Amino acid sequence: MEQFDDIYLIKEIQGGNRGAFAALVSRHSEYFFAIAYRFTNNRETAEDILQIAFLKLWEKPYKFDCDGAAGFKTWFARCVVNLCLDDRRARRPITNIDDLEIADNRAGAFDTLEKHRTVLALGNAIKKLSASQQTAINLGIINEMKYSEVANIMKKSEGAVKVLINRAKEQLKITMERQGYGME
């Protein structure tokens, strides 16, 4: 089944072919897990979201229009992002930068801690952006998707995506500088 394209596999899944479903899951799990993880910053939550997304695909494979303009990856990324945003709305961030302590006295431990603090601060700053800006940054910058792909997922024009990303970058720069983290 691995040699078949996504559309063929979806059509097979629509006919109840479990092997086609397994092949599609195997082919795309890492890619979509990375997207979910960027949104959630939590391995278990990202795995749960991915499992829910694939389960929904198995239960209702006809929701994907095999003859539509969007390819499978774009369509399914939209499904995963929507589940991530739903999850984010249901949760509150519980991580506090100041709770990180040095539990290691080895050389370089402090530098490692500072890198973790910076990454955590950036993650928290991203969470403060609007949902549209978060989605655009996560897909376009962190997951390195093309603007056209992000535009398809978000159902916006490429120009609108570029504006969202540029505004988000500017807001992140301001937020990080206020917290004492310089941004290049």
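Calculated FRET efficiency, Lys11 to Ala90, Cβ-Cβ distance, R0 = 25 Å: about 0.15 to the nearest 0.05.
For the listed residue pairs Lys73/Lys128; Lys11/Lys162; Lys128/Lys155; Lys60/Lys146; Lys56/Lys146, the alpha carbons are over 31 angstrom apart in Lys11/Lys162. Spacing of the modelled spin labels on Glu144 and Ala34, each 7 Å from Cα toward Cβ, amounts to 0.7 nm.
The relative contact order of the stretch 1-91, computed from alpha carbon pairs under 8 Å that lie at least 6 residues apart in sequence, is 31 percent. Taking R0 as 30 Å, what's the FRET efficiency between Phe4 and Glu44 from their Cβ-Cβ distance, rounded to 0.05? Calculated value: 0.45. Within the stretch 120-140, find all residues whose amide N lies under 17 Å from a label point positioned 7 Å from the Cα of Val163 along Cα-to-beta-carbon. Answer for this model: 130-137.
Read-outs: derived from the displayed coordinates by stated rules, not from any lab. Please read these numbers as outputs of a predicted model, since none were measured by experiment. Note: ideal-geometry Cβ built from the backbone for every residue, glycine included; neighbour counts use all protein chains shown.
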